[in-house]
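Peer 1: Please see the structure below; I have some questions.
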Amino acid sequence: MKFLQIHSFYDRYLDAFYEARPMLELETESAQISALLDDGFSGSHLFAPALARLGVETQLVIGNCPQLQRRWCKEAGFNPAGRTHWLYEIARKQVESFRPDVLYISDPITYDSRFVRSLSYAPSLVAGWRAAEIPRWVDLTSFDIILSHEEISRKQAEEHGAKSTQFFLPGFPEWIAQRVANEPKMFDMVFCGQITRHHTRRRDLLNRLTAHAEQTSAFTPHFFVCTGEESPCAPRFAEPALWGLKMHRAIKRGKVNLNVGIDLFESGAGNMRQFEVTGTGGFLLAEQSVGLERHFEPGKEVETYSSFEELVEKTVYYLEHDEDREAIARRGQVRCMSEHGMDRRSREMLELLENGLRNPPKRQSRYSPLKIEVTRSAPPASPDPANLLVQAFRELQENRIDESYKLVLEAQAHGGTYPWLHYLRACCLLKLEKVAEALEDLAQEIALFPENNSARDLQQQVFSALRQNVKS
């Protein structure tokens, strides 16, 4: 079996990673991949290196890493210069050069079925992962299977055309625990994660904890959060986001590690943080949920809360009872390593993929066949691209990003070049936190239509914001 995984890292992480290693982009592709893997970021989802240890021929593509992708082009003798969306083109070339039997896309939003259909050959099995909302414009009809631990995500994947879905969990890379094992306990409470428009429940909880801590001084939280363009969250105790091993060290240093999930789901049961905390050896205090006991036993391997008052009460209790807290953390780590470690999870993944190759999934229609009479009437003419872009602009003004992006893609499908198309696409991509791709679109808009001052202004705003992030 040949297995290729396309993955996307957070743009902010990649910016910080390469900023701290200014000479790394001059290294070989292999050296850059090794450095990224050694930092442990997103390790729970990286199955290419794990399957390689089982004897599978694999390749990992981090599709949104410009430094890495440029180096691959240099070594492969591939020149995408002059093409629109060159990172997209490089990923396509990497797949076509490797020709995997299994194409595993852990970012099926950026690389949906339109990417799969653009390949010059058809992989035997196309699989993907998604444990968040699936935007309306995403096409999953070319995916044989979508994996997720979230029932809502699996249901949405079917609605978007995936042939099948299956329950699956992230895995914890065991080596990370060894790297951070000797970190001392320094912080009362730790939370590491994002605060976006999809995390209003999380934002509210952190703000309530901030107010309580300020009023009572019962404990001091440390919130290592990435807020994006959102308003500040818990400013009194918020600290810059941590990534990779730095994040795992902070988790290990925390006496109590908080878990609160995304708004789409009722809890964080099965999310990556659950395994990051327990695998690292931290004490997990998570939202109570019906799914959590499938993975860890509440009260023995992790602790739970069902209200803000219970969260505060248990935080204070376990800060005062070190032995009880550390005993739960130890049992949680044992359970994580035995049942949720990457060694076991990669074997489960291999078995799943081999079964998929032997028995390719077939789309099961949930609807009865429709009896329709084909007439000779011509279909209505497609809307004019310019009108589509006007509609896209209106949707963008109302912050309906999915609808706006779909209209932009529909206009783009007509072919040709149109003023404002790349600008509007860039606006949508920025809202979706795809900064690198947005900058490509802005550059394309400016090259095609130099008089578009809005594109120039937005480009400068993005550059300014990136520089400010680096300084901070």
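The values are calculated or read from the model by the stated rules, or taken from the named source; none is laboratory data. Since we're looking at a predicted model, the values are computed, not measured. Here the Cβ is made from the backbone with ideal geometry for all residues, glycine too, and neighbour counts use every protein chain on show.
Peer 1: When only residues in the range 181-205 that are closer than 15 Å to K255 by Cβ and buried (at least 17 other Cβ atoms within 10 Å of the Cβ) count, which is modelled with the lowest pLDDT? First the steps, then the outcome.
Peer 2: Initially, the range 181-205 is screened for residues closer than 15 Å to K255 by Cβ, giving 183-192.
Checking the rest, the ones that are also buried (at least 17 other Cβ atoms within 10 Å of the Cβ) come to 183, 187-192.
On the way: E183: 96, F187: 96, D188: 96, M189: 95, V190: 94, F191: 92, C192: 89.
The extreme case among them is C192.
Peer 1: State all residues of the range 152-204 that are more than 27 Å from I401 (Cα to Cα) and among the β-branched types (V, I, T); if no residue qualifies, say none.
Peer 2: Passing the criteria: I176, V180, V190.
Peer 1: Let me ask something else. What residue, among those in the range 123-149 that are among the small types (G, A, S) and touching a helix residue (DSSP H, G or I) at 6+ places or on another chain (Cβ under 6 Å), is surrounded by the fewest Cβ atoms within 10 Å (Cβ to Cβ)?
Peer 2: S124
Peer 1: So which pairs qualify, if the first residue must be in the range 311-331 and closer than 17 Å to Q274 by Cβ, the second must be polar (S, T, N, Q) and part of a helix (DSSP H, G or I), the Cβ gap must be under 9 Å, and the two must be at least 6 apart or on different chains?
Peer 2: A329/T278
Peer 1: I would also like to ask the following. Which residues, taken from the range 26-77, are among the charged types (D, E, K, R) and surrounded by 15 or more Cβ atoms within 10 Å (Cβ to Cβ)? First the steps, then the outcome.
Peer 2: The initial filter retains those residues of the range 26-77 that are among the charged types (D, E, K, R), namely 27, 29, 38-39, 53, 57, 70-71, 74-75.
Of everything in the range 26-77, those that are among the charged types (D, E, K, R) and surrounded by 15 or more Cβ atoms within 10 Å (Cβ to Cβ) turn out to be E27, E29, D39, R70, R71.
Peer 1: Quick one: in the range 423-460, of everything that is within 20 Å of D402 (Cβ to Cβ) and of a type in the set (K, R), which residue is modelled with the lowest pLDDT?
Peer 2: Per the criteria, the residue is K434.
Peer 1: E326: at pLDDT 95 or above, acidic (D, E) and loosely packed, with under 13 Cβ neighbours inside 10 Å, yes or no?
Peer 2: So E326 fails the test.
Peer 1: I would also like to ask the following. Identify, please: which residue in the range 424-440 is in contact (Cβ under 8 Å) with a residue 40 or more places away in the chain and in a helix (DSSP H, G or I) and is, among those, farthest from P135 (Cα to Cα)?
Peer 2: E440
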